[in-house]
Amino acid sequence: MRRLSWVLAVLALAAFSPVPAPAHAQASAPAGQGGNAGVRERLAQPAVLRGTFEQRKQLKGFRNPLVSRGDFLLLRERGVAWDTTEPFASSTLLTRERLLTRLPDGSQRVVLDAATSPGMAAVNSLLMALVAGDVDALATQFHTEEILSPDGRWMLRLQPKEAALARVFRRITLRGDRFVREVEIEEAAGDLTSLRFLTLVDQPAAPTAAEAARFD
C-alpha cells in the first residue's frame with residue numbers, strides 16, 4: 001500500500017492539464033447542492049497531455065523533503081507514462097491492466113496486475129479514475145468536500161470511506177481552476193507528498209507512433 005500512496009501522488013494530477021498555481025489562492029464557501037458538478041464542469045480533459053513535474057515528499061521525522069523531477073505522457077484512453085529524471089532515472093507505466101516500472105538498464109517489474117489479482121484490479125480502477133479525472137468514480141471511494149471560488153478556482157478534498165484506504169491516506173487535496181494545479185497527499189503514517197506541474201503541452205492532440213508504442 002505504501003507504493004500505492006506515491007503512485008497516487010504522481011498520477012493524481014496528470015490528466016487535468018495543470019499550470020503553475022498562484023501563490024495564495026483564496027477559496028469561497030463550500031458548494032451547496034450539485035455534488036461535484038462545480039469541479040467537474042470546470043476541468044479541461046485533453047486526450048493527450050505531455051508535461052513536466054516536481055514532487056516533494058516530506059517523511060515524518062526528517063527535516064528535508066525528498067525532491068524528484070521529470071516528465072510525463074498521458075494518453076487518456078491508454079494510460080500514463082511517468083519518467084523520473086532526478087535524482088535517479090526510472091519509468092512507471094500505468095494502464096487499466098497493469099502498473100509496471102522500468103529501470104535504465106532495461107529491466108522491468110510488474111507492480112500491479114489486474115489479470116492475476118482481483119484486489120489489484122480494484123487498485124488499478126482507483127488509479128485510472130484519478131488519471132481520467134473521473135470525479136464521480138472517486139466519490140464512490142472518498143468523502144468529498146468541494147470549495148468553489150467565483151473566479152473559477154476550486155479545491156477538492158478527498159477523505160477515504162473504506163478502512164483499507166484510511167489506513168494509508170488521511171486526506172488527498174486537489175487545487176486548480178480549468179486545470180488541476182497541485183495535489184497534496186497526507187498519509188496516515190504522517191508523511192506528506194505534494195506535486196505540482198511546471199509545463200504542459202496538449203498538442204499535437206494525437207500521440208506519435210513512438211508515444212503510442214510505449215503502451216503496447
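The values are calculated or read from the model by the stated rules, or taken from the named source; none is laboratory data. These numbers were taken from a predicted model, which means no experiment stands behind them. Glycine gets a Cβ as well: all are built from the backbone with ideal geometry, and neighbour counts include every protein chain shown. Surface areas here come from the heavy atoms of the whole protein model, side chains and all, with no ligands, DNA or RNA. Shrake-Rupley method; radii C 1.70, N 1.55, O 1.52, S 1.80 Å.
Here are the numbers for this structure:
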item: Filter result (under 16 Å from the mean Cα position of the chain (by Cα), open to solvent by 50 Å² or more (accessible area, probe 1.4 Å) and closer than 20 Å to residue 142 by Cβ) within region 185-210; result: 192
item: Residues of region 177-212 classified as of a type outside the set (A, V, I, L, M, F, W, C), in contact (Cβ under 8 Å) with a residue 60 or more places away in the chain, under 30 Å from residue 61 (Cα atoms) and outside any loop (DSSP other than H, G, I, E, B), total; result: 6
item: So residue 167, is it among the charged types (D, E, K, R), modelled with pLDDT of 80 or more and surrounded by fewer than 17 Cβ atoms within 10 Å (Cβ to Cβ); result: yes
item: Residue within region 116-133 that is part of a loop (DSSP other than H, G, I, E, B), of a type outside the set (A, V, I, L, M, F, W, C), modelled with pLDDT under 80 and crowded, with 17+ Cβ neighbours inside 10 Å present; result: yes
item: Residue list for region 49-77, restricted to those being under 12 Å from residue 215 (Cα atoms) and either part of a strand (DSSP E or B) or over 15 Å from the mean Cα position of the chain (by Cα) (or both); result: 73, 74, 75, 77
item: Residue tally, condition open to solvent by less than 30 Å² (accessible area, probe 1.4 Å) and at pLDDT below 90, over region 69-83; result: 8
item: Of all residues in region 170-183 being open to solvent by less than 10 Å² (accessible area, probe 1.4 Å) and among the hydrophobic types (A, V, I, L, M, F, W, C), the one that is farthest from residue 197 (Cα to Cα); result: 172
item: Residues that are out of contact with any Gly (no Cβ under 6 Å at 6 or more places or on another chain) and over 25 Å from residue 100 (Cβ atoms), drawn from region 60-82; result: 61, 62, 63, 64, 65
item: Pair list, Cβ < 8 Å and 6+ apart or interchain, from region 135-157 residues that are assigned to a helix (DSSP H, G or I) to residues that are open to solvent by 70 Å² or more (accessible area, probe 1.4 Å); result: 135/40; 136/40; 137/125
